[in-house]
């Protein structure tokens, strides 16, 4: 069996990717697009996805270790299943043949590189479902400089809070260790709440929640989001000055004379 999805399959399931790829087959969205997205809100990315028919890309109601941080990175996915002895033995034997060491949750972390965000589907399990504590969290920080989104629990919350270069989203906190689960695979399609996540998606984690962006929409999400931010900056300034009413500004399309005033301001700012 394959613990990690073969790159040929990854290329097929992410066939709309317009960018280069990692050696493992995952899409490699350019760093500059990730950096530009770090100033975004969830809402600034959400509209573009909806426009293209991606109606189930957001998941909220998380516990966050670093709610003041925006989490942006390339998704590495992992699925954990409830323990079943025959399947667990098969996975463990394959891991040994592959030269993997430690617990099966560690196997996933060993694949991470800088810019990745680990996305874990563990069916919301919290007690005995703590995918990481502060030791494995430190390893994630060291490898990715990002963090993780885990549909399960964490332990050592206070230690994870002290990590300066990471942010973690989870469903709960518990002192128990991970138990009675088996790794189904790495870099496969998974479910996080109501969202289907593919390896190589870009995750944007904010105080609102997490949103998952397919690689072929990242460029448009970034450009549209920056336009929204610019218009919001000018529109709020006009509202503060009392130059326009909320009914004139808080609409999808401005009247011609308002649009012209905004474009004049934008040109002057760019100059």
Compute the projected area of the convex hull of the Cα atoms of segment 57-183, averaged over all viewing directions, and report it in nm² to one decimal place.
-> 7.5
Tilt of helix 42-51 relative to the longest C-alpha principal axis of the chain, in degrees (0 to 90, nearest 10)?
-> 90
Measure out, as a whole number of angstrom, how far apart the alpha-carbon centroids of segment 109-177 and segment 70-94 sit.
-> 14
Assuming R0 = 51 Å, can you tell me the calculated FRET efficiency for the pair residue 259 and residue 139, based on Cβ-Cβ distance, to the nearest 0.05?
-> 0.50
Ranked 14, 196, criterion: other C-beta atoms within 10 Å, fewest first = 196, 14
Between 0 and 90°, nearest 10: helix 85-97 axis offset from the chain longest Cα axis = 90
Please state, to two decimals, what the Cα-based radius of gyration of segment 136-271 comes to when divided by 2.2 N^0.38 Å (N = residues).
-> 1.51
Could you put 72, 173, 117, 4 in order, starting from the residue whose Cβ has the fewest other Cβ atoms within 10 Å?
-> 173, 4, 72, 117
Nearest 10 degrees, 0 to 90: helix 215-241 Cα axis against the chain principal axis = 40
Gain on full stretching of the segment that runs from residue 19 to residue 250 - 0.36 nm per residue minus C-alpha separation = 79.6 nm
Rounded to whole angstroms and listed largest first, the alpha-carbon spread of segment 219-270 along its three principal axes comes to 34, 23, 20
Extension gain (nm, one decimal) between residue 61 and residue 241, 0.36 nm per residue minus Cα-Cα | 61.2 nm
So for the pair residue 87, residue 194, with labels modelled 7 Å out along Cα→Cβ, what separation do we get in nm?
-> 2.6
Give me the number: length gained by fully extending residue 158 to residue 266, i.e. 0.36 nm times residue separation minus the C-alpha to C-alpha distance, one decimal in nm.
-> 34.4 nm
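Laboratory data are not the source of any read-out in this text; all were calculated from the coordinates shown. Since the structure is predicted, the reported quantities are computational estimates derived from the model, not experimental observations. Here Cβ is always computed from backbone atoms with ideal geometry, including for glycine, and neighbour counts include all displayed protein chains.
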